[in-house]
1. Quick check on residue 371: is it in contact with a Leu (Cβ under 8 Å, 6 or more places away or on another chain), closer than 17 Å to residue 144 by Cα and of a type outside the set (Val, Ile, Thr)?
2. Run down 202, 192, 164 and say which single residue is among the basic types (Lys, Arg), assigned by TED's automatic domain parsing to the domain that holds residue 319 and surrounded by fewer than 17 Cβ atoms within 10 Å (Cβ to Cβ).
3. Which of the residues belonging to the range 255-312 are outside any helix (DSSP H, G or I) and without any contact (Cβ under 8 Å) to a residue 12 or more places away in the chain?
4. Which of the numbered conditions does residue 319 fail, given that it passes all the others? Conditions: (1) crowded, with 24+ Cβ neighbours inside 10 Å; (2) in a loop (DSSP other than H, G, I, E, B); (3) in contact with a helix residue (DSSP H, G or I) (Cβ under 7 Å, 6 or more places away or on another chain).
5. Could you check, for the range 149-159, whether at least one of its residues is among the hydrophobic types (A, V, I, L, M, F, W, C) and surrounded by fewer than 16 Cβ atoms within 10 Å (Cβ to Cβ)?
6. Provide a single number: the residues in the range 236-254 that are aromatic (Phe, Trp, Tyr) and either assigned to a strand (DSSP E or B) or closer than 19 Å to residue 34 by Cβ (or both).
7. Are any residues in the range 105-120 assigned to a helix (DSSP H, G or I) and more than 16 Å from the chain's Cα centre (by Cα), and if so, which ones?
8. Go over the candidates 241, 254 one by one and state the one that is at pLDDT 95 or above and either on the phi > 0 side of the Ramachandran plot or out of contact with any helix residue (DSSP H, G or I) (no Cβ under 9 Å at 6 or more places or on another chain) (or both).
Amino acid sequence: MATPTIRQIRAYTVRGGGGDYHDQSGAHWIDDHVSTPMAKYPNYRASRRSFGINVLGSLVVEVEASDGTVGFAVTTGGEPAAWIVENHLARFIEGAKVTDIELMWDQMYNATLYYGRKGLVINTISGVDLALWDLLGKVRQEPVFHLLGGAVRDELQFYATGARPDLAKEMGFIGGKMALHHGPAEGEEGLRKNLEILTDMRAKVGPDFWLMQDCWMSLDVNYATKFATRAWHEAGLKWIEEALSPDDYWGYSELRRNLPRGMLCTTGEHEATRWGFRLLLDMNCCDIIQPDVGWCGGVTELIKISALADAHGVLVVPHGSSVYSYHFVITRHNSPFAEFLMMHPVPDQVVPMFTPLLLEEPVPTKGRLKLPETPGFGVRLNPECKLHRPYTH
């Protein structure tokens with residue numbers, strides 16, 4: 001049988017959750033006084049939506065093969081990303097064999113170097129890449145994790161990110177990560193409040209449950225060092241995550257040296273490509289890297305990032321991204337567990353991360369998940385979510 005080629009690529013936008021999980025309405029823990037780089041401005045401190053964290057919305061990429069098979073993926077990017085797909089990247093996808101994923105990635109990346117390299121453009125390339133892996137899995141009638149070499153363990157185990165690690169413990173997760181609420185601009189009072197929240201949660205979960213703190217790029221080296229040191233001694237904090245600007249490799253290297261022995265420094269959620277992660281690894285910036293497969297370059301690039309990390313003795317625990325990271329983590333020895341974003345507003349129950357956009361999205365039970373053998377990434381688009389195709393080619 002001849003290998004199918006790609007007949008068409010299409011890019012859609014959709015609002016309300018989905019790939020852009022910050023695109024929430026109403027009260028939600030993910031938007032409740034979380035420390036950010038904008039928190040130094042009082043007007044933008046209480047809500048991340050106030051400074052526009054949800055302005056892009058979700059990007060949905062569909063790729064249709066010559067045999068009629070359709071693959072798709074979702075990520076963040078919205079209308080600007082849809083324009084890039086339809087007006088620039090389509091030429092490298094349409095007409096290519098469904099197996100030529102490495103070639104398509106290289107052409108997309110090099111053709112956008114002059115305005116890309118990171119951020120929105122790599123998000124967009126990631127969405128296309130994930131759709132191509134979904135398509136290949138469906139053409140071959142295999143789950144993506146089979147294409148990546150097969151599972152190295154029977155099931156995934158998870159820690160939970162949300163506002164209630166105590167509830168996460170009851171649900172069977174191995175740990176809980178909270179968002180930091182108060183940044184350096186709120187001074188000693190903010191630092192005290194941060195430590196009070198953490199020590200209160202430690203009292204609720206007991207001494208052995210993992211507690212981690214997500215600082216979302218909002219601290220400086222001195223504040224991060226002071227907070228981490230006290231958090232280690234007062235609350236047994238397991239790791240401090242993304243404490244600094246993703247461009248401050250020198251600061252991360254210093255912070256890691258400053259941390260109490262035994263505490264982990266983690267980052268990489270907003271890093272991209274093997275070259276960005278090479279800097280983190282070569283400069284000994286962290287103990288765990290956390291690439292988001294929907295933002296770092298897709299599965300094709302995550303394979304290379306993971307190999308680099310393995311050679312440096314650094315773990316890879318991808319940021320969120322649901323099935324797109326699950327299919328990767330299950331195939332890698334240096335990815336021993338995964339993150340689950342608790343997208344329920346409280347959160348007091350487990351709901352699919354990309355709700356309501358994806359159907360049949362698997363969720364962990366008692367902190368564990370056995371991946372189904374469904375072709376591709378094993379999910380479908382919810383027909384009740386109205387897609388908009390703002391551009392055509």
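1. Working: in contact with a Leu (Cβ under 8 Å, 6 or more places away or on another chain): yes; closer than 17 Å to residue 144 by Cα: yes; of a type outside the set (Val, Ile, Thr): yes.
Criteria met by residue 371.
2. Working: 202 fails: surrounded by fewer than 17 Cβ atoms within 10 Å (Cβ to Cβ); 164 fails: surrounded by fewer than 17 Cβ atoms within 10 Å (Cβ to Cβ).
None of the others qualify; the one that does is 192.
3. Narrowing the range 255-312 to residues outside any helix (DSSP H, G or I): 259-272, 283-297, 312.
Answer for the range 255-312, where residues must be outside any helix (DSSP H, G or I) and without any contact (Cβ under 8 Å) to a residue 12 or more places away in the chain: just 261.
4. (3)
5. Keep residues of the range 149-159 that are among the hydrophobic types (A, V, I, L, M, F, W, C), which gives 151-152, 156, 158.
Pick out the ones that are also surrounded by fewer than 16 Cβ atoms within 10 Å (Cβ to Cβ) and you get 152.
Looking for residues that are among the hydrophobic types (A, V, I, L, M, F, W, C) and surrounded by fewer than 16 Cβ atoms within 10 Å (Cβ to Cβ), one finds at least one in the range 149-159, hence yes.
6. Residues of the range 236-254 aromatic (Phe, Trp, Tyr): 239, 249-250, 252.
Adding the requirement that they be either assigned to a strand (DSSP E or B) or closer than 19 Å to residue 34 by Cβ (or both) leaves 239.
Residues in the range 236-254 being aromatic (Phe, Trp, Tyr) and either assigned to a strand (DSSP E or B) or closer than 19 Å to residue 34 by Cβ (or both): 1 in total.
7. The first filter runs over the range 105-120 and keeps only residues assigned to a helix (DSSP H, G or I), leaving 105-111, 119-120.
Hits for the range 105-120 are 105, 106, 107, 108, 109, 110, 111.
8. Working: 254 fails: either on the phi > 0 side of the Ramachandran plot or out of contact with any helix residue (DSSP H, G or I) (no Cβ under 9 Å at 6 or more places or on another chain) (or both).
Being at pLDDT 95 or above and either on the phi > 0 side of the Ramachandran plot or out of contact with any helix residue (DSSP H, G or I) (no Cβ under 9 Å at 6 or more places or on another chain) (or both) holds for just one of 241, 254, which is 241.
The values are calculated or read from the model by the stated rules, or taken from the named source; none is laboratory data. Computed from a predicted structure; not experimentally measured. We place every Cβ from the backbone using ideal geometry, glycine too, and count neighbours over all the protein chains shown.
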